[in-house]
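The values are calculated or read from the model by the stated rules, or taken from the named source; none is laboratory data. Keep in mind that this is a model prediction, so the values were computed, not measured. All Cβ positions, glycine included, derive from the backbone under ideal geometry; neighbour counts span all protein chains shown.
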Amino acid sequence: MDQKEESSSSSVFDSCPICLSSILEESYLDQCFHKFCYSCILQWTKIVGSKHCSRQSFVKCPLCKRKSSSIIYGYDGSSFQQHLIYQNSDNSVFFTKTHKYRLQCYYVEPGNSIGNINVLRYWKSNKYRQPNQWLYSWVSREIQALIQEKDVDIIVHHILGAIDSWRRNEPKASKLSPELKQQEFKSMVADVAKPFIRGRTDRFVNELEMFLASGLNIEAYDKVYVNHMGWKISEITTEDDEEPNERNPLIPFLCFSDEDLDENT
Ligand SMILES: [Zn+2]
Ligand SMILES: [Zn+2]
């Protein structure tokens, strides 16, 4: 029964469960043969590994939790390469509980509105012309959460630069309706962000818009979110002690148990 399930599950997903886009540099964990982008699963092992104080020579699959000791990649029909997992626990203490929470937020739809954030009013009232002092920190954190990298400055500068120049070039007397401005803004941000966050771009753009429209600082915004969604998003998908659901496993990091991701906030 196990084997049958496995062979069917590996063919079901053509997209990477971590970035939700088509797989780049196909790679597999050596025990369960779940498929990921090479860079995605590599990042993931770094993050998980960094949470342990001792060195680990295995990684738990984000989908099925089986322990693998290597990543297989570069399979060309006859040969392959293997990346052995030895974790040095230095880097990436940056990935806090909040990062984890935010990442999970990207896998669930928040519904129409969060708190009393009114996105359309933001556009109608021309509030978008005012710069937002928390935007840099907020975007940094979101990108860190999404790509599980600590150093995201270049990406963040790139996105904020595009937003700034859009704002500057936006003709004050332009006759575009607020709805059209909104569309223009969102597709501009999506174009800029897509190469980095791929399958999560649309959700990111919506989140960004919501954050801007809220006019709140990061802490207050997070509070509104937690009030709306609850702190434990994982409860509405899979519980830790449940059988991992092969057909619906698409929130990586859900398999982080609390010992994997310690409270270092
Ligand atoms: Zn990927
Ligand atoms: Zn697996």
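Okay, residues lined up against (1) at pLDDT below 90; (2) within 16 Å of ligand 1 (Cβ to nearest atom):
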site	(1), (2)
29	no, yes
39	yes, yes
51	yes, no
56	yes, no
64	no, no
68	no, no
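Consider the range 193-234. How many of its residues are of a type in the set (Gly, Ala, Ser) and either over 17 Å from residue 163 (Cβ atoms) or within 14 Å of the chain's Cα centre (by Cα) (or both)? If you could, list the steps in order and put the result at the bottom.
Of the range 193-234, the ones of a type in the set (Gly, Ala, Ser) are 193, 199, 213-215, 220, 230, 234.
Going one step further and asking which of them are either over 17 Å from residue 163 (Cβ atoms) or within 14 Å of the chain's Cα centre (by Cα) (or both), we end up with 193, 199, 220, 230, 234.
The qualifying residues number 5.
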| field | Pairs with Cβ under 9 Å, 6+ apart, first in the range 23-38 and more than 15 Å from ligand 2 (Cβ to nearest atom), second among the hydrophobic types (A, V, I, L, M, F, W, C) | value | 24/16; 24/37; 24/40; 25/37; 38/23; 38/24; 38/71
| task | Check every one of the helices (runs of 4 or more DSSP H) wholly within the range 89-192 and list those with 2 or more residues that are surrounded by 17 or more Cβ atoms within 10 Å (Cβ to Cβ), under 14 Å from the mean Cα position of the chain (by Cα) and not aromatic (Phe, Trp, Tyr). | result | 97-105, 135-147
